[in-house]
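The values are calculated or read from the model by the stated rules, or taken from the named source; none is laboratory data. Not measured: the values here are computed from a predicted model. FYI the Cβ positions are ideal-geometry reconstructions off the backbone, even for glycines, and counts take in every protein chain you see.
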Amino acid sequence: MFADAPHVLVIRRRYLGDIVLLGSVLRNLRLHWPGAQLTVLTESAYTDILALNPDVTTALAFPDTLAHWPSFVAALRRARFTHVLDFDNTEKTALITRLTGALLRVCFDRELIKFRYPRFYTHSAKVTNAFYDSHHITDTYLELLRPLGVPIQSHEVRLVPLAPAFAVARKIIPRGGRKVLLHPGSRSPFRVWPAERFAAVADRLQDELGAQVFLVAGPAEQELVGEIRSHAKTHLVALDRAFSVGQFAALLAQFDAFLCHDSGPMHIAAAVGTPVVALFSSQNATIWRPLGERHTVLQTSLPCACFPASQLPSACTPGDSYRSYCVRQLSVDQVFAATRIALSTP
């Protein structure tokens, strides 16, 4: 029907890690239709990461104001999309899907989650809670291809930093020697491993293994970087300049290991091929682990026992992965051992 060159719109609003992991879907679309135009619609904060995915043709951003919506919708109609894959099924994305006029429009029909405006779609992919909870998120994403007859040929997620970004990264990071990049931030303050433990691991990596440890964080996390450096007994290099997403991906590619929490940067590191040691709290690591064989997830047995309230910064909410302190069950010895193995991984 569409020969070899369909125009496919993929809709996913956010977040950074989710947009990175769309790469599995985009890879299979490209393998099935090498000549296809693949357009991804996301929030403006996440469009830059799509420039690093070689399978993406165009990145679009949702309009910032109501005044821009008429021209946005007109542009969608002019694009003549043949297929739309809506990964969100919000009222907004359902309406956008229908307004494209695409002949094939597909969305998830998740168990126990309301399917909004099913008449706006031509196909749906049923996903049970049992499947969702027991598979990586990319496996769930790939289910959306089945109603369209697109075969699953790959589970690869890859990002390819551009040459100018590599040039910037190579000027900052010296060549030679083993290097670890430590990113201590998290979207939830409950999921942050204590600064003094990060410092202890960094000291051991430098004293016992001769590896150089670098710290990187966003503007809101600079205080945490300062705390880690104040606890450390060895010199840690803080990369306190601002990096674009592309530069950050190129930076990650310079390191032998990346130590972090479950986060968007974790998925970028895995996608550029840097071994990851990821510290998880009580979130489902089966769903959100870094994709690939060279990575290590550290997580205590769940459900974990709550610490006494006197040992916590604020009240813990058992069962809520955004408000529980389970990551604090991990020890310095565990994290050091995992990072040492990551450094020795060929």
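Below is a table of values for the structure above.
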item	result
Some residue of the stretch 206-227 being touching a helix residue (DSSP H, G or I) at 6+ places or on another chain (Cβ under 9 Å), surrounded by fewer than 17 Cβ atoms within 10 Å (Cβ to Cβ), part of a loop (DSSP other than H, G, I, E, B) and modelled with pLDDT of 95 or more	no
Unmet requirement for residue 242, which otherwise passes all of (1) touching a helix residue (DSSP H, G or I) at 6+ places or on another chain (Cβ under 8 Å); (2) farther than 27 Å from residue 161 by Cβ; (3) modelled with pLDDT under 95	(2)
Within the stretch 132-152, tally of residues that are outside any helix (DSSP H, G or I) and touching a residue at least 12 places away in the same chain (Cβ under 8 Å)	5
Condition met for residue 9 (assigned to a strand (DSSP E or B) and in contact with a His (Cβ under 8 Å, 6 or more places away or on another chain))	yes
Scan of the stretch 89-105 for residues that are surrounded by fewer than 20 Cβ atoms within 10 Å (Cβ to Cβ), on the phi < 0 side of the Ramachandran plot, of a type outside the set (A, V, I, L, M) and assigned to a loop (DSSP other than H, G, I, E, B), ordered by number	90
Residues of the stretch 170-184 satisfying the condition of being crowded, with 21+ Cβ neighbours inside 10 Å and either out of contact with any strand residue (DSSP E or B) (no Cβ under 6 Å at 6 or more places or on another chain) or not aliphatic (A, V, I, L, M) (or both)	183, 184
Lone unmet requirement of (1) under 25 Å from the mean Cα position of the chain (by Cα); (2) of a type in the set (S, T, N, Q); (3) part of a helix (DSSP H, G or I) for residue 230	(1)
Test: residue in the stretch 330-341 that is part of a loop (DSSP other than H, G, I, E, B) and either in the same structural domain as residue 136 (by TED's automatic domain parsing) or crowded, with 21+ Cβ neighbours inside 10 Å (or both)	no
Residue in the stretch 45-59 that is outside any loop (DSSP other than H, G, I, E, B), within 20 Å of residue 148 (Cβ to Cβ) and at pLDDT 95 or above present	yes
Search result, residues across the stretch 62-82 that are exposed (fewer than 15 other Cβ atoms within 10 Å of the Cβ) and either in a strand (DSSP E or B) or touching a His at 6+ places or on another chain (Cβ under 9 Å) (or both)	80
Filter result for the condition that a residue is at pLDDT below 95, under 22 Å from residue 20 (Cβ atoms) and either more than 21 Å from the chain's Cα centre (by Cα) or of a type outside the set (D, E, K, R) (or both), over 281, 310	281
Flag if residue 294 is surrounded by fewer than 23 Cβ atoms within 10 Å (Cβ to Cβ) and either assigned to a helix (DSSP H, G or I) or acidic (Asp, Glu) (or both)	no
Qualifying residue in the stretch 262-273 (condition: farther than 26 Å from residue 322 by Cα and either under 22 Å from the mean Cα position of the chain (by Cα) or crowded, with 20+ Cβ neighbours inside 10 Å (or both))	yes
Tally, over the stretch 17-61, of residues that are surrounded by fewer than 17 Cβ atoms within 10 Å (Cβ to Cβ) and free of Cβ contacts under 8 Å to residues at least 60 places away in the same chain	8
Filtered residue count, the stretch 269-291, keeping only those that are outside any helix (DSSP H, G or I), among the β-branched types (Val, Ile, Thr) and touching a Ser or Thr at 6+ places or on another chain (Cβ under 9 Å)	2
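Every residue, every condition in (1) without any contact (Cβ under 8 Å) to a residue 40 or more places away in the chain; (2) outside the structural domain of residue 231 (by TED's automatic domain parsing); (3) surrounded by fewer than 20 Cβ atoms within 10 Å (Cβ to Cβ); (4) assigned to a strand (DSSP E or B), yes or no:
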{"site": "107", "(1), (2), (3), (4)": "yes, yes, no, yes"}
{"site": "115", "(1), (2), (3), (4)": "yes, yes, yes, no"}
{"site": "155", "(1), (2), (3), (4)": "no, yes, yes, no"}
{"site": "193", "(1), (2), (3), (4)": "no, no, no, no"}
